[in-house]
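Contents: one structure, followed by commentary.
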Amino acid sequence: MVKKLVAIAILAGIAFMLYGLFASYTQKETLPKTSRYYAIKGPDELGSANLVTSVVVTYRGLDTLGEVTILFTVASIIGFFLRSRTKREARAENPRETSEILHTGVAFLVPIIFVFGAYVFIGGHLSPGGGFQGGAIIASGTLLLFLAQPKTSGGHTLITFVESVSGIAYVGIGIAGIFLANGFLDNRILPVGEFGTIFSAGAIPIIYSLIGLKVGAELSAILYKLKDAKEDA
Amino acid sequence: MSFFLVLTVVLCAVMLGSAGMALYHKNLAATVIAAGLVSLVASIIYLILAAPDVAMTEAAIGSGLSTVMFFYVLKRVRGGENG
């Protein structure tokens, strides 16, 4: 009873705080100062057709690096706590054979999913999407592969390799921005190019592709760890 | 405009319903599916609010990957309080 009263009191408190926000909300006629700068100067300065991408990758690039680092830390912690099975244990477990429908469907769908994921992060400066979205799509492709073949335990070396190389290259491009352009993670180390074409916006497509590969590899690694974890771990 | 308003209200109702189901349903597999449904509806609402980038992330991670991760974890903790 006391527990329920406390819960209701907390809910009422949160509702009160949110009501303050709701009551003071008025629709703004003009953009705030920073947003106006991004909206007006962004396309000319960085050459990215998708304004969200130019903010995420360049203006707030350091935050994105932080997000990728958080994801990496999470993947490492999951790997630390879940011990994987040895090969003999995996063979002894002998899971049920997966169905023919799943096999055929996966063989047909996975290449399409991978290509779509790559399209989403390569075109991140032109259309909605980008590294995180494309990486998640690629990870769902690897998830399908894992579901179709629960016995095989290969691919972990490849996942780790892709993750490390793309992470190092991401930071390397960021540092190159200090020397060749105006600062860390500046995209103008390459020519900005013609607005709205695939080879434009300087280094943004490269950076977003690296983020996409890294996020895809990290999420795949988490799924791999969960799939391969020991029963009693 | 009013079409989108009605659609948003309906989607919010679906979202609240599935969130309640995620909290109170007895079957754990059903609650995981309901939690995924919350994310799916949220991604549609993001799309109506003209934020396609966020909608893609929510659909891929919220309703796709995290649902599957919950199922993996559910497989590990079988035999707990509610079986």
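Here are the numbers:
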read-out	value
Condition met for A:Leu145 (assigned to a helix (DSSP H, G or I), farther than 18 Å from A:Ile70 by Cβ and within 14 Å of another protein chain (Cβ to nearest Cβ))	yes
Every pair of residues 6+ apart whose Cβ atoms lie under 6 Å, when the first sits in the range A:107-134 and is within 11 Å of another protein chain (Cβ to nearest Cβ) while the second is of a type in the set (D, E, K, R) and part of a helix (DSSP H, G or I)	A:Pro128/B:Asp53
Residue that is farthest from A:Gly117 (Cα to Cα), among those in the range B:40-56 that are open to solvent by 40 Å² or more (accessible area, probe 1.4 Å) and without any contact (Cβ under 8 Å) to a residue 24 or more places away in the chain	B:Leu49
Residue within the range A:81-95 that is at pLDDT 80 or above and either within 14 Å of another protein chain (Cβ to nearest Cβ) or crowded, with 19+ Cβ neighbours inside 10 Å (or both) present	yes
Any chance B:Ile61 is under 20 Å from A:Ile137 (Cα atoms), away from chain A (no Cβ under 14 Å), buried (at least 17 other Cβ atoms within 10 Å of the Cβ) and not acidic (Asp, Glu)	no
Test: residue in the range A:160-173 that is within 14 Å of chain B (Cβ to nearest Cβ), at pLDDT 85 or above and within 18 Å of A:Val55 (Cα to Cα)	no
In the range A:46-87, the residues that are free of Cβ contacts under 8 Å to residues at least 60 places away in the same chain and hydrophobic (A, V, I, L, M, F, W, C)	A:Leu51, A:Val55, A:Ile70, A:Ile77, A:Phe80
Residue list for the range A:195-233, restricted to those being open to solvent by 70 Å² or more (accessible area, probe 1.4 Å), closer than 28 Å to B:Thr57 by Cα and either within 14 Å of chain B (Cβ to nearest Cβ) or not in a helix (DSSP H, G or I) (or both)	A:Phe195, A:Ile198, A:Phe199
Which listed residue is within 20 Å of the chain's Cα centre (by Cα) and assigned to a helix (DSSP H, G or I), from A:Ile138, A:Ile175	A:Ile138
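Conditions (1) open to solvent by 90 Å² or more (accessible area, probe 1.4 Å); (2) touching a helix residue (DSSP H, G or I) at 6+ places or on another chain (Cβ under 8 Å); (3) within 14 Å of chain B (Cβ to nearest Cβ); (4) in a helix (DSSP H, G or I), marked per residue:
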{"residue": "A:Ala7", "(1), (2), (3), (4)": "no, no, yes, yes"}
{"residue": "A:Leu11", "(1), (2), (3), (4)": "yes, no, yes, yes"}
{"residue": "A:Thr30", "(1), (2), (3), (4)": "yes, yes, no, no"}
{"residue": "A:Gly42", "(1), (2), (3), (4)": "no, yes, no, yes"}
{"residue": "A:Ser48", "(1), (2), (3), (4)": "no, yes, yes, no"}
{"residue": "A:Gly66", "(1), (2), (3), (4)": "no, no, no, yes"}
{"residue": "A:Val74", "(1), (2), (3), (4)": "no, yes, yes, yes"}
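The values are calculated or read from the model by the stated rules, or taken from the named source; none is laboratory data. Since we're looking at a predicted model, the values are computed, not measured. Methodologically, a virtual Cβ is constructed for each residue, glycine included, from the backbone with ideal geometry; neighbour enumeration extends over all protein chains shown. Remember, those area values only see protein heavy atoms, side chains included, never the ligands or the DNA or RNA. Shrake-Rupley method; radii C 1.70, N 1.55, O 1.52, S 1.80 Å.
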